[in-house]
Amino acid sequence: MHQSGFVNIIGLPNVGKSTLLNALLGTKLSIVSPKAQTTRKRILGIFNHKKCQIVFGDTPGILQPAYKMQETMNDAIKESMEDADVLIYLLEPGMNESVASGWMQMIKTKAPIFVVINKVDLIGESMLEMKLNYWRSHAGVAEVLGVSALESYHLNELIEKILKYLPEAEPYFSKEDISDRNVRFFAGEMVREKIFLQYKEEIPYHSDVMVTEYQEKPNIDVIKATVIVNRETHKGIIIGKNGAALKKLGTAARKEIEAFVGKKVFLELTVKVQEGWIDNSLRLKKMGYIN
């Protein structure tokens, strides 16, 4: 018997959704930073085994949208509720149960809901058990589990619980695939991750990256990418004095991409101002936020 299905991960910002996806797959697929809203688009990561294929979906953090880009992020969350065979509602130990229950009211799905508490290495066993018991008694919850994505704790148990709910089916993707996204997409994401790590205040949230050219050659990949910013003042900050900040960004991103593709990379970055792009439906569509 072979099992296949879609397991989507939702939750508030910074609970570790991307870290959990990466840990389950054993490879860094989703970008990670300490800042909220690092994940903007839904990313599928494919867990392959001889007898199963689990398609995990990483989603943006649940939030109240302030502009159109954030509305598209919420659309990705809604979509993940509709096509899930299992829905993981990921929490962290410090979250108040009544607040987490309140946010749970927005979950509209026919799929079994797993409440998974991440980062359990940060709390004691008695406190964890109290939190798990709260959710075990919560109506509409199929499974409750504590894990640590960072420490790879209880991840095998999570997989075993998921398989109890997945249908018998052939693989949805080739067993050689690790995602539905191509290398070009991940190259842009890796540049964007470094923007989140390098810059402060509103720069990361009002910037994006478009890969305009990707040439795969035998010994080197040649990539051209444009950093899109929301204001003219942002452009100067991204570039920095004498181009130093942009050079630092390019070096960090290039090393990350090289590790991902397994060979040398030439990365050329430019910066372009598109005022108001975060609230412009046409531009958001061109940038892949709207299907």
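The values are calculated or read from the model by the stated rules, or taken from the named source; none is laboratory data. Here the structure is a predicted model, which means the values were calculated and not measured. Every residue, glycine as well, gets a Cβ built from its backbone with ideal geometry; the counts of neighbours run over all protein chains shown. Surface accessibility is based on the protein's heavy atoms, side chains included, excluding ligands, DNA and RNA. Shrake-Rupley method; radii C 1.70, N 1.55, O 1.52, S 1.80 Å.
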To the nearest Å², the heavy-atom accessible area per residue of segment 66-132 with 1.4 Å probe amounts to 47
With no solvent term and unit scatterers on the alpha-carbon positions of segment 4-98, Debye gives log₁₀ I(q)/I(0) at q = 0.15, 0.18, 0.21 Å⁻¹ of -0.56, -0.80, -1.05
In segment 1-86 the accessible area split gives carbon plus sulfur, as whole percent at 1.4 Å, a share of 50
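Given the pairs LYS78/LYS119; LYS131/LYS164; LYS247/LYS272; LYS175/LYS248; LYS17/LYS51; LYS28/LYS110, which are separated by over 27 angstrom at their Cα positions?
On the way: LYS78/LYS119 25 Å; LYS131/LYS164 23 Å; LYS247/LYS272 16 Å; LYS175/LYS248 37 Å; LYS17/LYS51 25 Å; LYS28/LYS110 30 Å.
The pairs that break the limit, which is 27 Å between Cα atoms, are LYS175/LYS248; LYS28/LYS110.
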Karplus ³J(HN,Hα) for segment 249-261 (6.51 cos²θ - 1.76 cosθ + 1.60, θ = phi - 60°; Hz, whole; x = Gly/Pro) runs 4, x, 5, 5, 5, 4, 4, 5, 5, 4, 5, 6, 8
Computed on Cα atoms, Rg of segment 154-291 relative to 2.2 N^0.38 Å comes out at 1.28
A chain fully extended from LYS247 to LEU197 at 0.36 nm per residue, minus the present Cα-Cα distance, gains in nm 16.6 nm
Helix 183-198 sits off the longest principal axis of the Cα atoms of the chain, rounded to the nearest 10 on a 0 to 90 degree scale, by 90
The answer for TYR153, listing residues at least 5 apart or on another chain whose modeled amide H is closer than 5 Å to its amide H, is SER148
ASP180 and ASN96 label points (each 7 Å along its Cα→Cβ direction) are spaced in nm at 3.6
Karplus ³J(HN,Hα) for segment 278-289 (6.51 cos²θ - 1.76 cosθ + 1.60, θ = phi - 60°; Hz, whole; x = Gly/Pro) runs 5, 10, 10, 4, 5, 5, 5, 5, 5, 8, x, 7
Cα convex hull volume per residue for the chain, in Å³, equals 137
Once both label points are put 7 Å beyond Cα along the C-beta direction, the ILE290-PHE266 separation in nm becomes 3.7
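Rounded to the nearest 500, what is the chain's calculated 222 nm mean residue ellipticity when only DSSP H runs of at least 4 contribute -39500 (n - 2.57) each, over all residues?
Details: 9 runs with 101 residues, N = 291.
The helix contribution divided over the chain gives -10500 deg cm²/dmol.
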Length-normalised contact order of the chain, Cα under 8 Å, at least 6 apart, in percent, tallies to 18
Given a Förster distance of 41 Å, the FRET efficiency implied by the Cβ-Cβ spacing of LYS35 and ILE107, rounded to the nearest 0.05, works out to 0.95
Computed over segment 21-167, the Cα gyration tensor eigenvalues, each multiplied by 5 and square-rooted, give semi-axes in Å (largest first) of 22, 20, 17
Over the Cα atoms of segment 241-291 the radius of gyration and the largest Cα-Cα distance (Dmax), both in Å, equal 14.8, 38
As a percent rounded to 5, the proportion of antiparallel DSSP bridges among beta bridges in the chain is 35
Residues whose built amide H sits under 5 Å from the amide H of CYS52, excluding neighbours closer than 5 in sequence, are GLN3
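Between GLU258 and ASN156, 0.36 nm times their residue separation minus their Cα-Cα distance comes to what?
Working: separation 102, 0.36 × 102 = 36.72 nm, distance 2.97 nm.
Going from the current span to full extension adds 33.7 nm.
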With label points set 7 Å from each Cα along the Cα-to-Cβ direction at GLN64 and ILE220, the distance between them in nm comes to 5.1
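Order of 130-140, 270-280 by packing, highest average Cβ count within 10 Å first?
Going by the mean number of other Cβ atoms within 10 Å, highest first, we get 270-280, 130-140.
Loop-only trypsin sites (Lys or Arg not before Pro) in segment 158-254, please: DSSP not H, G, I, E or B, and at most 12 other Cβ atoms within 10 Å. Don't skip to the answer; put the middle values down first.
On the way: sites: LYS161, LYS164, LYS175, ARG181, ARG184, ARG192, LYS194, LYS200, LYS224, ARG231, LYS235, LYS241, LYS247, LYS248, ARG254; in loops: LYS164, LYS175, ARG181, LYS200, ARG231.
Loop-located and lightly packed - LYS164, LYS175, LYS200.
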